[in-house]
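The values are calculated or read from the model by the stated rules, or taken from the named source; none is laboratory data. These numbers were taken from a predicted model, which means no experiment stands behind them. Cβ placement follows ideal geometry from the backbone for every residue including glycine, while neighbour counts extend to all protein chains displayed. These accessible areas exclude ligands, DNA and RNA; they are computed on the full protein's heavy atoms, side chains included. Shrake-Rupley method; radii C 1.70, N 1.55, O 1.52, S 1.80 Å.
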Amino acid sequence: GGSPGEVGQRVLAFSARLEAERGVEGVLVVAHSGPLRWLLCQLLGLGPEDWWQLRPSPASLSLLDLKPRGTALLLLNDTRHLRDGP
């Protein structure tokens, strides 16, 4: 909760923690849509004004590869695991 500015500040602080974990095998992030949009923008080098361009669906999966030279987007908003049947 909070204002967009407050959410942005929390996301920036969390993003800094992720930056420190770049050498770790993997990190799972579970978040509500608003903070997740901000975080994706931050990690992908988009400005906070671009948050509206990303619309993760509930329970969707996105996969990013954090490299020293930048972040690679490997999967965005995947919901295949939510479908019924094989």
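Before moving on, here are some points about what is shown:
- Identity of the residue in region 42-60, in a helix (DSSP H, G or I) and touching a strand residue (DSSP E or B) at 6+ places or on another chain (Cβ under 9 Å), that ends up nearest to Ala13 (Cα to Cα): Leu43
- Single residue of Leu18, Leu73, Leu63, Leu39 found to be in contact (Cβ under 8 Å) with a residue 24 or more places away in the chain, in a strand (DSSP E or B), surrounded by 10 or more Cβ atoms within 10 Å (Cβ to Cβ) and among the hydrophobic types (A, V, I, L, M, F, W, C): Leu73
- Within region 1-15, being outside any loop (DSSP other than H, G, I, E, B) and of a type outside the set (A, V, I, L, M, F, W, C) holds for Pro4, Gly5, Glu6, Gly8, Gln9, Arg10, Ser15.
- The set of residues in region 21-36 being among the small types (Gly, Ala, Ser), open to solvent by less than 70 Å² (accessible area, probe 1.4 Å), out of contact with any helix residue (DSSP H, G or I) (no Cβ under 8 Å at 6 or more places or on another chain) and not in a helix (DSSP H, G or I) consists of Gly26 alone.
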